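Notes follow once the structure below has been shown.
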Amino acid sequence: MASEQRDGDVLLQLHPEEVGQSVAQLPERIERCSGLDYNDFFWRYMHKNIPVVIADVSNDWECQNWTVVQESRDLNSNPSASSINFDYLKTKISDCPVPVADCNSSYFNSHTKLELNFHDYLAKWRSGIENQSSDRPAWTSAEENSNVVAASRDNLYLKDWHLAAQMPGYNFYKVPKYFASDWLNEQLIQQGKDDYRFVYMGPKNSWTSYHADVFGSFSWSTNIVGLKKWLIMPPGEELKLNDRLGNPPFSIDEKMLDEHHVRYYTINQRANEAVFVPSGWFHQVWNLTDTISVNHNWFNACNISLVWQNLKNNLKAVCNEISDCQQMDNFEAHCQTMLRASFGINYLDFIELLEFIAARRLAEGTVATKFLLFDSYTMNDYHVQYDLECLRKITRTLTEDPTIQCSPLQLEDRCQGLLGRLEF
């Protein structure tokens, strides 16, 4: 697609799916694409819930200045490659508290969490690299750029950092067009709530443990610098790894996956590449070099039904957990409170998000100025109508849900009101 320009913004052009293209089949390998148009990405990957790696997505991002070219290195098989520009980072980003995980320490099946000031984190990282360089034998490749010696010291990974929300005036990246249809962050940013836009910075050998993304959402991750290794598996394969109580492992490797006959894929993600992670695909990620990435979690018309199913499943688990308290007053309200605490949203939050997106899409037909997505993108008319049709379908599903029908929180009235607006 050659994106159409309208007053400086980019039009997301979606067209009806081609006949015979709706059946999703798992690929033999994860495809790499460059120059992919929005419509193809939507139907070939996002709608079918299939991963893809997209190259050349961050060429013009300001955060390319966070890297410095070193001609002697051969990272990503390029003639020259990037490493961390610590001085630039310190001048652009204030010495604010940042969330850090120690990948060499765990606490209750999670990496130990701590908080550091950003400049202190950079100093530790830089010092570790310099110490490693001074200790490195003369024959060792300069690519061994890391502040980690395996398990011998802290392995600190700055992750889940809301830098975009913390510094809204610093436009260090631009959401790629492929990921601009983002109902979750569209609502949260507009309403000034905690969003799901993150920056990750970490040394070689830092890693993210085995998991599927929050809410059953999509995620995308773009490497600014460095090389990541992913192990990722289609939905359902994760069940082969659960213990007898249904608990997943904390960490995986190829040997474990092969022993359990798991179907999985390996992705080696290079700088300037974005990995699209579909809903329900469990994965684990390692930084093979010092790495910085920008990540989002999000959902939209393509996976809203999967998010709803996850929400229902988690409510069922909450109710089972406290089933001995069913006779207490306001049991349903307590379950919804616990659902929000454990899952991140509850039924009311979900309905409010649908109401918000519906109001904006309905307004698209009545106002001259289109709503901008991430200050850059608008949708063509078919895209707006597709969103509205998906909103109608999911809202009808909600009105048929017994929990909503019986809720003392008047959730059914909210859903019926929304459905009435959508079926005008």
Quickly run through the range 28-44 and pick out the residues that are surrounded by 14 or more Cβ atoms within 10 Å (Cβ to Cβ) and part of a loop (DSSP other than H, G, I, E, B). Ile30, Glu31, Leu36, Asp37
Can you run down the residue pairs with Cβ atoms below 8 Å, 6 or more apart or on separate chains, where the first is in the range 398-413 and at negative phi and touching a residue at least 12 places away in the same chain (Cβ under 8 Å) and the partner is open to solvent by 20 Å² or more (accessible area, probe 1.4 Å) and assigned to a loop (DSSP other than H, G, I, E, B)? Pro408/Asn330
Filter the range 346-365 down to residues that are more than 26 Å from Phe42 (Cα to Cα) and either part of a loop (DSSP other than H, G, I, E, B) or hydrophobic (A, V, I, L, M, F, W, C) (or both), then give me how many there are. 2
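Among the listed residues Leu354, Leu339, identify the single one that is open to solvent by less than 10 Å² (accessible area, probe 1.4 Å), within 27 Å of Pro176 (Cβ to Cβ) and not assigned by the TED database to the domain that holds Glu238. Let's see the steps before the verdict.
On the way: Leu339 fails: within 27 Å of Pro176 (Cβ to Cβ).
The conditions single out Leu354.
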Please note which strands (runs of 3 or more DSSP E) are completely contained in the range 195-251 and include at least 3 residues that are more than 12 Å from Val285 (Cβ to Cβ). 197-202, 218-225
Starting from the range 173-200, take each residue that is more than 21 Å from Asn39 (Cα to Cα) and list its partners that are assigned to a helix (DSSP H, G or I) and small (Gly, Ala, Ser), counting only C-beta distances under 8 angstrom and pairs at least six apart or across chains. Tyr173/Ala164; Ile189/Ala165; Asp194/Ala165; Asp195/Ala164; Asp195/Ala165; Arg197/Ala164; Arg197/Ala165; Val199/Ala164
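Which one of Ser293, Ser305, Ser279 is open to solvent by less than 10 Å² (accessible area, probe 1.4 Å), among the small types (Gly, Ala, Ser) and closer than 15 Å to Leu184 by Cβ? Walk me through how you get there before you give the answer.
On the way: Ser293 fails: closer than 15 Å to Leu184 by Cβ; Ser305 fails: open to solvent by less than 10 Å² (accessible area, probe 1.4 Å).
Going through Ser293, Ser305, Ser279 in turn, just one is open to solvent by less than 10 Å² (accessible area, probe 1.4 Å), among the small types (Gly, Ala, Ser) and closer than 15 Å to Leu184 by Cβ: Ser279.
Do the conditions hold for Asp324, that is, is it in a loop (DSSP other than H, G, I, E, B), open to solvent by 50 Å² or more (accessible area, probe 1.4 Å) and at pLDDT below 95?
It is false that Asp324 is in a loop (DSSP other than H, G, I, E, B), open to solvent by 50 Å² or more (accessible area, probe 1.4 Å) and at pLDDT below 95.
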For a quick check of your reading of the model, give me the residue pairs whose first member lies in the range 113-129 and is open to solvent by 80 Å² or more (accessible area, probe 1.4 Å), whose second is modelled with pLDDT of 95 or more and of a type in the set (Gly, Ala, Ser), with beta-carbon atoms closer than 7 Å and at least 6 apart or on different chains. Lys113/Ala101
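The values are calculated or read from the model by the stated rules, or taken from the named source; none is laboratory data. In this text the structure is predicted, and so the values were computed from the model without any measurement. Positions of Cβ are generated from backbone atoms using ideal geometry, with glycine treated the same way; all protein chains shown enter the neighbour counts. SASA here: full protein model, heavy atoms, side chains in, ligands and nucleic acids out. Shrake-Rupley method; radii C 1.70, N 1.55, O 1.52, S 1.80 Å.
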